[in-house]
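> Before we start, here is the structure in question, set down as structure tokens.
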Amino acid sequence: MFRSLHMKLVLIMVLLIVSLMTVVGSFLINSVASFYLNDFYSQMQEVFANEDLYYDITTPTEQETDGAEALQKVLTAYAGELGVDGRNRNYYILDGITGKYLAGSDPERGPYLEKTHNLLTALTRGEVGSQSDMTATYMDVAIPITRGEHNYIIYLYDNRLTVQDLNGQLVVLIIQSLVFGLVISVLLSFLLAKTMIGPIERLTAGARRVAEGDFSDKIEIDAKDEIGVLTSTFNDMARQLQETILETERERNKLDTLFLRMTDGVVAFSAEGAVIHANPAAQEMLGRTIGADDQYEDLFGDVAALSEVLAVHPPEYLEGERQTGGRILELFLAPFDQESLGGVLVLIHDVTTQRKTEEMRREFVANVSHELRTPLTNIRSYAETLSDNAGDIPPDMERNFLSVILGESDRMTHIVQDLLTLSRFDSGKSEMNLTRFSFEEAIRDLYHAVLLEAQRHGHTLTLEVPDQLPAIVADRERIVQVMMNVVSNAIKYTPDGGTIRITAGQTADRVWMEVDDNGIGIPPEDRSRIFERFYRVDKARSRESGGTGLGLSIAKEIVDRHGGSISLVEKEGPGLTIRIELLVEGPRHG
């Protein structure tokens, strides 16, 4: 392991040094070349931008016979500024038309000049050729000029030997630095390996002890670096693992607390039938205390004999049921730890609410069936009468029969629509269209809508609404449906010539509406059930008036979804008063 880690460290250090020196060397070499290249063209631009030089090279003297010789004298005078040394950098004066060498600082090479890109640019296009190229082995610039009646090209050429010499020295320096760095990296790798291997070996030995279950020894921490942090973390892990094992042992002792908090009852018996444990929920459900002296046969012998439960093979179990104290209890009996003859476990589950729900569901189905069967029977009876006596029934009687059939069909339609509405409420698919509207206007519109119907029955319908009722946030269509249902019931179930009073007002953050009548009312024993589905006090009269027993239950669902309330108001005398309360700012969510 030591040799493997050591070789990895040496390889990493070598690669690091080589990579670093390669990057630095490439950067330096490119930087030097770029510097000389930029410096050359900057120097040429600066010198030839000199107005005196430009005048000297473009203006011939009087009695001038050789323009190239005159240009050579000018350029020789500016040789220092141009950096012309006659060895690495030279200037050449060429014919502007043919490119023929005329004069210069290097007459030996002048006639044999290479036609570079910059030189061709000056010859063919008459423009200054000053394009730089980092990859080329030279630097040059070609400047076309007109002197008198002759065209010339001033061409400066630098062979970049200075740059190459400097780069060569940089390469030597980089190689020397690389060798020196490799030596240092090998030495450092030995030192680093020695520093790291010792703590890792101690960690390995500690891990073996922990794997064998020995948590007594703690590894010493020699440093505060990452290895030290790792060692400290390992010590914490070992300590935490030891605490976890102890905690697991303690958890077994906490099962009693779990039994105490369970909502289901649990009673455990030994194989002999003695009580081992009973939680408070079991005692509450059974309605008695369970002590150590109680036996299985005394508590559950009537459900199944102890020997029968012990003979059951898991995952099978026995079931039973018991009713006590108004509760319906389901009992599940199963053996535990059969290999060691542990005993019997009895789980007690209170299913009272579940059974009541099932009963309500059965009652609901029965009510729906009954409500639909009655109009269907009437429709079939009248339809059969019309069919069997076609042509023999007087027209008035035939119209009456058809009227009954249509009325019963409408009643069935109302029942189905109400059931669909309740179904959407139960499934949560009925969304409310909340808007802000005038509560006062809604009540007044309702009053005018039912006024004719009330007058048809000879009722006195009054309205008492304040002028300053606030606008509310609610589903206007649903709220009007609730109010219409309550007022319509008051009109239906108040004998002709009765009195119906609609009042409204505001309390704190709520608005309210009350509908009071002096009709038949509701007996006290039935008041708590009027908002149940299909519940009707006088079923015969309800059917005569077309009632389904669903109107008030739908009204309550709508009001509840708005965060309001609908209730009966205690009153003296005949009749009924229903109060609706709604939040001004609409239902509160979250």
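The values are calculated or read from the model by the stated rules, or taken from the named source; none is laboratory data. What you are looking at is a predicted structure, and each value in this text was computed from that prediction instead of being measured. Cβ coordinates were reconstructed from backbone atoms using ideal geometry, including for glycine residues, and neighbour counts include every protein chain displayed. Please note that ligands, DNA and RNA were not included when accessible areas were found on the heavy atoms of the full protein model with its side chains. Shrake-Rupley method; radii C 1.70, N 1.55, O 1.52, S 1.80 Å.
> Answer yes or no as to whether Leu582 is at pLDDT 85 or above, among the hydrophobic types (A, V, I, L, M, F, W, C), crowded, with 22+ Cβ neighbours inside 10 Å and under 13 Å from Val480 (Cα atoms).
On the way: at pLDDT 85 or above: yes; among the hydrophobic types (A, V, I, L, M, F, W, C): yes; crowded, with 22+ Cβ neighbours inside 10 Å: yes; under 13 Å from Val480 (Cα atoms): yes.
Yes: the conditions hold for Leu582.
> Confirm whether Leu187 is part of a helix (DSSP H, G or I), out of contact with any His (no Cβ under 6 Å at 6 or more places or on another chain) and surrounded by fewer than 16 Cβ atoms within 10 Å (Cβ to Cβ).
In short, yes.
> While we're here: Which count do you get for residues in the range 1-42 that are modelled with pLDDT of 80 or more, closer than 30 Å to Asn88 by Cβ and either outside any helix (DSSP H, G or I) or among the small types (Gly, Ala, Ser) (or both)?
2
> Further question on the same structure: Return yes when Ile17 is surrounded by 18 or more Cβ atoms within 10 Å (Cβ to Cβ), more than 29 Å from Gly129 (Cβ to Cβ) and under 60 Å from the mean Cα position of the chain (by Cα) and no when it is not.
Yes, satisfied.
> Can you tell me which condition Glu220 does not meet? The list is (1) surrounded by fewer than 13 Cβ atoms within 10 Å (Cβ to Cβ); (2) within 30 Å of Glu46 (Cα to Cα); (3) charged (D, E, K, R), and all the others hold.
Failing condition for Glu220: (2).
> Which of the residues that make up the range 436-458 are free of Cβ contacts under 8 Å to residues at least 24 places away in the same chain and among the polar types (S, T, N, Q)?
Within the range 436-458, Gln455 is the sole residue that qualifies.
> Step by step: first the residues of the range 34-52, then only those that are within 17 Å of Asn159 (Cα to Cα) and touching a Ser or Thr at 6+ places or on another chain (Cβ under 9 Å), then the one that is surrounded by the fewest Cβ atoms within 10 Å (Cβ to Cβ). Which residue is that?
Step by step, filter the range 34-52, then rank; the result is Asn38.
> Let me ask you something else. Do we find that Gly519 is crowded, with 18+ Cβ neighbours inside 10 Å and farther than 17 Å from Ser553 by Cα in this structure?
Spelling it out, Gly519 is indeed crowded, with 18+ Cβ neighbours inside 10 Å and farther than 17 Å from Ser553 by Cα.
> List the pairs whose first member sits in the range 37-54 and is free of Cβ contacts under 8 Å to residues at least 40 places away in the same chain, whose second member is assigned to a helix (DSSP H, G or I) and surrounded by 16 or more Cβ atoms within 10 Å (Cβ to Cβ), and whose Cβ atoms are under 6 Å apart, counting only residues at least 6 apart or on separate chains?
That search, which allows pairs on different chains as well, returns Val47/Leu82.
> Tell me, which strands (runs of 3 or more DSSP E) lie completely within the range 431-506 with 2 or more residues that are among the β-branched types (Val, Ile, Thr) and at pLDDT 90 or above?
460-464, 471-474
> Now, a different point. Residues Ile97, Ile93, Ile143: which one is open to solvent by 80 Å² or more (accessible area, probe 1.4 Å) and either among the aliphatic types (A, V, I, L, M) or under 60 Å from the mean Cα position of the chain (by Cα) (or both)? Before the answer, list the steps.
On the way: Ile93 fails: open to solvent by 80 Å² or more (accessible area, probe 1.4 Å); Ile143 fails: open to solvent by 80 Å² or more (accessible area, probe 1.4 Å).
Result of the check over Ile97, Ile93, Ile143: Ile97.
> Please enumerate the residues belonging to the range 53-65 that are touching a strand residue (DSSP E or B) at 6+ places or on another chain (Cβ under 9 Å) and surrounded by fewer than 11 Cβ atoms within 10 Å (Cβ to Cβ).
Residues satisfying the conditions do not exist here.
> Among the residues of the range 26-36, which ones are touching a residue at least 60 places away in the same chain (Cβ under 8 Å) and either touching a strand residue (DSSP E or B) at 6+ places or on another chain (Cβ under 6 Å) or over 17 Å from Asp140 (Cα atoms) (or both)?
Selection gives Leu28, Ile29, Asn30, Val32.
> Residue check: is Asp302 acidic (Asp, Glu), under 21 Å from Asp350 (Cα atoms) and open to solvent by less than 60 Å² (accessible area, probe 1.4 Å)? Please lay out each step first, then the result.
On the way: acidic (Asp, Glu): yes; under 21 Å from Asp350 (Cα atoms): yes; open to solvent by less than 60 Å² (accessible area, probe 1.4 Å): no.
Taking the combined requirement at face value, the residue does not satisfy it.
> Of all residues being among the small types (Gly, Ala, Ser) and farther than 11 Å from Ile29 by Cβ in the range 160-184, which is least open to solvent (accessible area, probe 1.4 Å)? Just the residue, please.
This residue is Gly181.
> Can you name every residue in the range 63-90 that is of a type in the set (A, V, I, L, M, F, W, C) and assigned to a loop (DSSP other than H, G, I, E, B)?
Of everything in the range 63-90, just one residue is of a type in the set (A, V, I, L, M, F, W, C) and assigned to a loop (DSSP other than H, G, I, E, B), namely Val84.
> Could you please find all residues in the range 432-470 being open to solvent by 40 Å² or more (accessible area, probe 1.4 Å) and among the small types (Gly, Ala, Ser)?
Ala449, Gly458 - these are the residues of the range 432-470 that are open to solvent by 40 Å² or more (accessible area, probe 1.4 Å) and among the small types (Gly, Ala, Ser).
> Take the residues in the range 555-575 that are touching a residue at least 40 places away in the same chain (Cβ under 8 Å) and part of a loop (DSSP other than H, G, I, E, B), then tell me which one is farthest from Asn485 (Cα to Cα).
So the residue we want is Gly573.
> If I filter the range 55-62 for residues that are outside any helix (DSSP H, G or I) and either among the acidic types (Asp, Glu) or closer than 21 Å to Met139 by Cα (or both), do I get at least one hit?
The answer is yes, given that some residue of the range 55-62 is outside any helix (DSSP H, G or I) and either among the acidic types (Asp, Glu) or closer than 21 Å to Met139 by Cα (or both).
> Taking the range 156-187 on its own, how many of its residues are in contact (Cβ under 8 Å) with a residue 24 or more places away in the chain and aromatic (Phe, Trp, Tyr)?
Of the residues in the range 156-187, 1 are in contact (Cβ under 8 Å) with a residue 24 or more places away in the chain and aromatic (Phe, Trp, Tyr).
> A further question on this structure: Residue under question is Val229, and the condition is that it be modelled with pLDDT of 75 or more and of a type outside the set (S, T, N, Q); does it hold?
yes
> Continuing with this model, one more query. Only one of (1) more than 30 Å from Glu308 (Cβ to Cβ); (2) modelled with pLDDT of 80 or more; (3) hydrophobic (A, V, I, L, M, F, W, C) is not met by Val266, so which one is it?
(1)
> Which of the residues that make up the range 296-320 are under 16 Å from Val267 (Cβ atoms) and not in a loop (DSSP other than H, G, I, E, B)?
Tyr296, Glu297, Asp298, Leu299, Phe300, Leu306, Val309, Leu310, Leu318, Glu319, Gly320
> Mind listing whichever residues of the range 136-148 are out of contact with any Lys or Arg (no Cβ under 9 Å at 6 or more places or on another chain) and part of a loop (DSSP other than H, G, I, E, B)?
The answer is Gly148, and nothing else.
> Kindly indicate which of Thr61, Thr76, Thr22 is free of Cβ contacts under 8 Å to residues at least 60 places away in the same chain and under 22 Å from Phe180 (Cβ atoms).
Numbers: Thr61 fails: under 22 Å from Phe180 (Cβ atoms); Thr76 fails: under 22 Å from Phe180 (Cβ atoms).
Result: Thr22 is the single residue among Thr61, Thr76, Thr22 that is free of Cβ contacts under 8 Å to residues at least 60 places away in the same chain and under 22 Å from Phe180 (Cβ atoms).
> Hey, among the residues in the range 114-135 that are open to solvent by 20 Å² or more (accessible area, probe 1.4 Å), outside any helix (DSSP H, G or I) and of a type outside the set (S, T, N, Q), which one's modelled with the lowest pLDDT?
Met134
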